[in-house]
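Asker: Once you've had a glance at the structure underneath, I'll fire off some questions.
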Amino acid sequence: MIGYVTLGTNDLPRAAAFYDALLAEVGVKRLMDFGRGYAWGSSMGRPMLGIMKPYDGQPATGSFYAAYFRDLDGNKLNCFCTG
């Protein structure tokens, strides 16, 4: 099951206003405020959508990709690619 999906943004206030309006149409609301990002969902135990300003303060460029998986024993795996 997907826990969350996060999108990068260079304009947090503009993106937050867009997703507030868009997701309200399907009954989803903003549930979390991280200071440099927000997350929306129908409840805390359900999949969420997040937006974040880049962690390094540089413009969001799409040069860092990450994914988390669980193996058959339940171990958490992380894969990432930069560049």
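The values are calculated or read from the model by the stated rules, or taken from the named source; none is laboratory data. Everything numeric here is computed off the predicted structure, so don't read it as measured data. Reconstructed Cβ throughout: ideal geometry from the backbone, glycine too, with neighbour counts over all protein chains shown.
Asker: Only one of Y38, Y19 is out of contact with any helix residue (DSSP H, G or I) (no Cβ under 7 Å at 6 or more places or on another chain) and aromatic (F, W, Y); which?
Answerer: Being out of contact with any helix residue (DSSP H, G or I) (no Cβ under 7 Å at 6 or more places or on another chain) and aromatic (F, W, Y) holds for just one of Y38, Y19, which is Y19.
Asker: Looking at F69, F34, can you tell me which residue is in contact with a strand residue (DSSP E or B) (Cβ under 8 Å, 6 or more places away or on another chain) and either of a type in the set (S, T, N, Q) or modelled with pLDDT under 90 (or both)?
Answerer: After applying the criteria, what remains is F69.
Asker: Something else: In region 63-77, what residues are in contact with a Phe, Trp or Tyr (Cβ under 8 Å, 6 or more places away or on another chain) and either closer than 22 Å to F18 by Cα or surrounded by 10 or more Cβ atoms within 10 Å (Cβ to Cβ) (or both)?
Answerer: F64, Y65, A66
Asker: Condition check: touching an Asp or Glu at 6+ places or on another chain (Cβ under 8 Å) and either modelled with pLDDT of 85 or more or aliphatic (A, V, I, L, M) (or both). Does R14 satisfy that?
Answerer: no
Asker: Something else: Out of all the residues in region 41-83, which are in contact with a helix residue (DSSP H, G or I) (Cβ under 9 Å, 6 or more places away or on another chain) and among the aliphatic types (A, V, I, L, M)?
Answerer: L49, I51, M52, listed by residue number.
Asker: Continuing with the same structure: Condition check: surrounded by 13 or more Cβ atoms within 10 Å (Cβ to Cβ) and modelled with pLDDT under 95. Does G50 satisfy that?
Answerer: yes
Asker: Considering region 44-76 alone, what residues qualify as being within 21 Å of G3 (Cβ to Cβ) and either among the acidic types (D, E) or in contact with a His (Cβ under 6 Å, 6 or more places away or on another chain) (or both)?
Answerer: Within region 44-76, D71, D73 qualify.
Asker: Only one of D73, D33 is under 12 Å from the mean Cα position of the chain (by Cα) and not hydrophobic (A, V, I, L, M, F, W, C); which?
Answerer: It is D33.
Asker: Looking at A21, A60, A39, A17, which is the one that is free of Cβ contacts under 8 Å to residues at least 60 places away in the same chain, surrounded by 14 or more Cβ atoms within 10 Å (Cβ to Cβ) and outside any strand (DSSP E or B)?
Answerer: Step by step, each of A21, A60, A39, A17 is checked, and only A60 is free of Cβ contacts under 8 Å to residues at least 60 places away in the same chain, surrounded by 14 or more Cβ atoms within 10 Å (Cβ to Cβ) and outside any strand (DSSP E or B).
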